[in-house]
Amino acid sequence: MDWKSKKVRAILESALAEDKAANDVTTALTIDPKMRASGTILAKQSCVVSGLGCIPVFLEIFAKMNSAPLGRFEVVSHPEIFDGVKVKAGQPLAVIRYKAAAILSCERVILNLMQRMCGIATLTNEFVTAVKGTKTQVLDTRKTIPGLRMLDKYAVSCGGGVNHRLDLQDGILIKNNHISLGGGLPTVLEKALKGRKTGQVVQVEVRSQQELEQAIAGGAESILLDNMTPAEVKKAVKQIRATLPRVPIEASGSMNLKTVRDYALAGVDFISVGALTHSATAVDLSMRITADVL
């Protein structure tokens with residue numbers, strides 16, 4: 001993750017602007033601007049870490065918003081603590097040493113973002129662990145918070161998941177609405193195969209035996225089995241492999257931790273899980289701020 005890229009900086013700037021961090025009246029009225037402090041971010045529950053790189057960038061942006069020099073600061077973590085690592089409840093994730101007022105004003109946006117990212121990474125890791133020992137990889141989807149997709153998908157990768165399409169330009173996926181509006185699966189598949197650019201793989205979502213047969217006959221280059229039972233998926237995988245042995249096969253549809261392994265054992269290459277980003281519970285983090293003793 002390039003935390004200093006224009007796209008990521010824009011997300012972080014928006015978060016600080018939304019909270020009016022540069023106009024923190026409580027801190028301005030109560031804290032000596034010359035005071036320095038240490039802010040320790042603590043995990044209040046076991047989790048997978050994600051988002052540590054946002055901290056220094058938030059501080060840099062905050063200084064710019066205040067038209068002030070950044071000055072001396074540091075963000076330090078234990079060498080064994082980095083994005084993608086599992087930590088236990090009570091472990092410190094990072095220590096911020098900077099101006100007390102700046103830490104206080106940025107505290108909430110830092111925690112909000114990291115809590116969400118750690119939550120996504122942790123849930124993803126649970127799904128990845130559930131399919132361990134199989135050949136199946138866990139994919140994310142485009143079911144992300146608008147404006148936060150880059151960070152949501154990075155958090156998925158921290159949890160051991162694999163990023164699917166970043167956006168609608170990133171790949172061809174024919175879904176049920178394309179099929180119903182475009183004249184049926186054979187028609188839209190033919191159009192996609194003829195019109196796609198070099199290197200673009202045409203994936204087709206199928207929901208029935210008829211659509212599966214049409215996708216195979218039409219030469220689909222990747223097949224997504226949607227809302228089928230593990231038994232139905234196993235049967236479909238066998239049918240696909242008999243004709244298109246090298247075509248990637250994906251399963252999706254209301255995946256949960258109780259059933260995901262059954263789908264993996266059915267022989268699919270990938271399982272896409274929208275819940276990784278649309279239903280992950282934020283991890284409970286806190287920040288303990290203490291004045292630095294000179």
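The values are calculated or read from the model by the stated rules, or taken from the named source; none is laboratory data. The shown structure was predicted, so the numbers you read here are calculated from the model rather than taken from an experiment. When we count neighbours, we look across all protein chains shown, and the Cβ atoms used for this are built from the backbone with ideal geometry, even at glycine.
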Looking for whichever is over 16 Å from Phe127 (Cα atoms) and out of contact with any His (no Cβ under 6 Å at 6 or more places or on another chain) here; the options are Thr281, Thr243. Which one fits? Thr243
Assess whether Gly84 counts as being touching a residue at least 40 places away in the same chain (Cβ under 8 Å), under 30 Å from Leu123 (Cβ atoms) and in a loop (DSSP other than H, G, I, E, B). yes
Unique residue being touching a Phe, Trp or Tyr at 6+ places or on another chain (Cβ under 9 Å) and either charged (D, E, K, R) or under 20 Å from Leu189 (Cβ atoms) (or both) when the list is Glu250, Glu211, Glu221: Glu250
Matching residues in the stretch 188-219 - criterion: being polar (S, T, N, Q) and buried (at least 20 other Cβ atoms within 10 Å of the Cβ): Gln203
Given the conditions (1) assigned to a strand (DSSP E or B); (2) over 23 Å from the mean Cα position of the chain (by Cα), and given that Val237 satisfies all but one, which numbered condition is not satisfied? (1)
Could you please find all residues in the stretch 43-78 being part of a loop (DSSP other than H, G, I, E, B), in contact with a Gly (Cβ under 8 Å, 6 or more places away or on another chain) and among the hydrophobic types (A, V, I, L, M, F, W, C)? Val49
Quick one: would you say Leu93 is crowded, with 22+ Cβ neighbours inside 10 Å and either at pLDDT below 95 or not hydroxyl-bearing (Ser, Thr, Tyr) (or both)? yes
Does Asp226 qualify as being surrounded by fewer than 13 Cβ atoms within 10 Å (Cβ to Cβ) and either under 23 Å from the mean Cα position of the chain (by Cα) or of a type in the set (Ser, Thr, Tyr) (or both)? no
